[in-house]
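S.K.: One structure follows; several queries about it will come next.
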Amino acid sequence: MLAVCRALSRVALTPRTVAASAAAFASAAPVTESTIRATLETALAPSVLEVEDLSGGCGSMFRVRVVSAKFDGLSLLKQHRLVNELLASQIKSLHGLHLQTSAK
């Protein structure tokens, strides 16, 4: 325990590092059902889009079901990759994302 306390006391908490951490945290927009929905509606024009927050409202895990003609001819893996690319900036702050995709 003493070794851990000594190691923590050597961490340099300067105004610069604290400001940089605060700026990075503030610039990360919270992920919500509506931000995910807006991103996917714009890019995929889905016939079915269901977004559910599975984390109890804290926005760390979502279930997303997308049916879109833009998936036509794509394997399931490519469909999921496409959704992951579209949500890349939002996925960074998520704990989990459960995807269900199809063309029909």
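Read-outs: derived from the displayed coordinates by stated rules, not from any lab. Remember, predicted model here, so these are calculated numbers, not experimental data. Methodologically, a virtual Cβ is constructed for each residue, glycine included, from the backbone with ideal geometry; neighbour enumeration extends over all protein chains shown.
S.K.: How many residues are surrounded by 14 or more Cβ atoms within 10 Å (Cβ to Cβ) and either touching a Phe, Trp or Tyr at 6+ places or on another chain (Cβ under 9 Å) or among the hydrophobic types (A, V, I, L, M, F, W, C) (or both) if we restrict to the stretch 77-89?
M.R.: Within the stretch 77-89, residues that are surrounded by 14 or more Cβ atoms within 10 Å (Cβ to Cβ) and either touching a Phe, Trp or Tyr at 6+ places or on another chain (Cβ under 9 Å) or among the hydrophobic types (A, V, I, L, M, F, W, C) (or both) number 5.
S.K.: Another one. Could you run through the stretch 47-66 and say how many residues are aliphatic (A, V, I, L, M), within 13 Å of S102 (Cα to Cα) and touching a helix residue (DSSP H, G or I) at 6+ places or on another chain (Cβ under 9 Å)? Full working, then the answer.
M.R.: Of all residues in the stretch 47-66, those aliphatic (A, V, I, L, M) come to 48-49, 51, 54, 61, 64, 66.
Right, trim to within 13 Å of S102 (Cα to Cα) and you get 48-49, 64, 66.
Of the ones still in play, those that are also touching a helix residue (DSSP H, G or I) at 6+ places or on another chain (Cβ under 9 Å) are 49, 64, 66.
Residues that pass the stated criteria total 3.
S.K.: Something else now. Inside the stretch 40-76, can you point out the residues that are buried (at least 18 other Cβ atoms within 10 Å of the Cβ) and in a loop (DSSP other than H, G, I, E, B)?
M.R.: Scanning the stretch 40-76 gives P46, G59, S68.
S.K.: Hey, can you tell me all the residues within the stretch 88-104 that are aliphatic (A, V, I, L, M) and within 8 Å of the chain's Cα centre (by Cα)?
M.R.: A88, I91, L94, L97
S.K.: Return the residues of the stretch 29-81 that are touching a Pro at 6+ places or on another chain (Cβ under 7 Å) and among the basic types (K, R); say none if nothing qualifies.
M.R.: So in the stretch 29-81, the residues touching a Pro at 6+ places or on another chain (Cβ under 7 Å) come out as 40, 59, 66-68.
Result: no residue meets the conditions.
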